[in-house]
Amino acid sequence: MLTDSERILDLVDTDKAEMIDFLKGLVQANSENPPGNEQQVALLISDKLQKIGCQVNLQQVEDNRFNVIAVVEGASPDKLLFNGHMDTVKIGNVSEWNYDPLGGEIHDGFLYGRGSTDMKAGLVSMIYALKAVIQSRVPLNKGLMFTAVIDEEVFFKGTQALLADNILKDCVLGFVSEPTGLEIHTCLKGGIEFTARTFGKSAHSGLAYDGVNAIYQMNKVVAALMEYNDELKNRINLPGLKYPTVNVGRINGGTGVTFVPDCCEIEFDRQVLPGEDIAEVEKEIFALIKTLEEEQQITVELNKNQHFNTWQISQDALVVQLLAAAYSAALKGRPVFAGFPGYCEVEMFAANGIPSVVFGPGSLNRAHRPNERVKIDEVIDAAKVFAQLAYDFAK
């Protein structure tokens, strides 16, 4: 006779085909952000959760932008939180994709498409974990909550709304299904985003000597940031996270080849590692630009746009140990512990009193680029771990 745990894992196996078909449908639903097209994905997820027996609510955050909140009640109000985001980054240049970025095509054991690994696969694994627990009819002493949020890729408005409306008040542990390759990630980079502008004097290119080229001035800023980036390689080096970096991600300047540009703008970020003081890093960036202005006799307008705090949790913490035990029970192996090299909302949950950890299917090095893909076996294995985890917590 099978144990409750074995029955739950068998139910996940039974749903393999349905699970991957649902993931395919989510990938086919464009949820690029910007502009924030999560509505179709939210409706698909809401409908699925209702069908499997969850109590489902939609939390409106902005016009046509909703968080999906599903609850499975237990005997006590305490709940485990499963969380993921519905938005994706832009598809980019379609010609660089080998397969339709909204096709959800399967090739050689991988499902391709924008959002497949970041992070619709994680959402699907969590949803089907809930389904297995509900269908098992195991009595639950504690409850489960699943939240699919908007806007993680830009301003985190979805998770901010969850916290502002106190929706997570009963959640005592949290799990975020960002792509970790089924590793347990216990620390996280933070970051600070900046905009810098240089100003010149416009002139006809035939009289370029009468103007001041703002792009040439911005070249000096970029060169200084490149030199600073190289210096950071020797400052700190953490397993899985390596060293801090500076990345200039966007540049804009000028109106045409016959004009001397009078303005140039860049956006850049400084990644911050656990152990660094984010306030000191911010001061360091402003000091670097001020020194550059004095040495090069240029004017740079520098603005901080937003920042994300670093995060770290001990491997001995209950939330980590519970996940590690579920991994071992479901997959018959020992988990690997590492750090998450991007940013995700685990830090926001931790800062609001919900001990949390990052674990999910897919690889971050496949995200935010052409030919994004997720290994199908990882989606199923993640669902088994999440199902075991939900059972272990709720029983």
Fill in the blank from the handout: Two pseudo-spin positions, 7 Å from Cα along C-beta at THR3 and at ARG137, lie apart in nanometres by 2.2
Problem - Gaussian network model of the chain, springs between alpha carbon atoms under 10 Å - residue of LEU23, LEU232, LEU140 with greatest fluctuation - result: LEU232
Practice task
Output the antiparallel fraction of DSSP beta bridges having both residues in segment 49-208, as a percent to the nearest 5.
Solution key: 55
Exercise for the section: Can you figure out the FRET efficiency of ASP10 with LEU318, using R₀ = 22 Å and their beta-carbon distance, to the nearest 0.05? Expected result: 0.20
Handout entry: Over 25 Å (Cα to Cα) - which of LYS90/LYS375; LYS24/LYS90; LYS220/LYS242; LYS157/LYS395; LYS169/LYS395; LYS157/LYS375 fall in this group
Key = LYS220/LYS242; LYS157/LYS395; LYS157/LYS375
Fill in the blank from the handout: Of all trypsin sites (Lys or Arg not before Pro) in segment 62-110, the ones in DSSP coil with at most 13 other Cβ atoms within 10 Å are LYS90
Fill in the blank from the handout: The summed charge of the PRO341 Cβ neighbourhood (under 10 Å; Lys/Arg +1, Asp/Glu -1) stands at +2
Exercise for the section: First compute the accessible area of the chain with a 1.4 Å probe, then give the percent of it belonging to carbon and sulfur atoms. Expected result: 48
Problem - For the chain: relative contact order, % (alpha-carbon pairs under 8 angstrom, 6 or more apart) - result: 26
Exercise for the section: Would you mind getting me the FRET efficiency between SER205 and ILE236? Use the beta-carbon distance for r and R0 = 41 Å, nearest 0.05. Expected result: 0.35
Handout entry: Accessible heavy-atom area order of TYR99, TYR128, highest first, probe of 1.4 Å
Key = TYR99, TYR128
Exercise for the section: For THR195 paired with VAL257, estimate the spin-label separation in nm (one decimal), with each label point 7 Å from Cα along the Cα-to-Cβ line. Expected result: 3.0
Practice task
Determine the sum of side-chain charges near GLN160: Lys and Arg each +1, Asp and Glu each -1, restricted to other residues whose C-beta is under 10 angstrom from that of GLN160.
Solution key: -2
Practice task
With the convex hull built on the Cα atoms of the chain, state its orientation-averaged projected area in nm².
Solution key: 21.3
Handout entry: Residue of ASP13, ASP87, ASP151 that the Gaussian network model of the chain assigns the largest fluctuation, springs spanning Cα pairs under 10 Å
Key = ASP13
Fill in the blank from the handout: Per DSSP, the loop-located trypsin sites (Lys or Arg not before Pro) within segment 225-307 having at most 10 other beta carbons within 10 Å are ARG235
Exercise for the section: Calculate, for the chain, the solvent-accessible area per residue in square angstrom, rolling a 1.4 angstrom probe over the heavy atoms of the protein chains. Expected result: 44
Handout entry: Mean residue ellipticity (222 nm) of the chain, computed from DSSP H runs ≥ 4 via -39,500 (n - 2.57), nearest 500
Key = -11500 deg cm²/dmol
Handout entry: Highest-MSF residue in the chain out of ASN57, ASN229, ASN252 [GNM, Cα springs under 10 Å]
Key = ASN252
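The values are calculated or read from the model by the stated rules, or taken from the named source; none is laboratory data. Note that the coordinates shown come from a computational prediction; the quantities given were computed from them, not determined experimentally. Reconstructed Cβ throughout: ideal geometry from the backbone, glycine too, with neighbour counts over all protein chains shown. These accessible areas exclude ligands, DNA and RNA; they are computed on the full protein's heavy atoms, side chains included. Shrake-Rupley method; radii C 1.70, N 1.55, O 1.52, S 1.80 Å.
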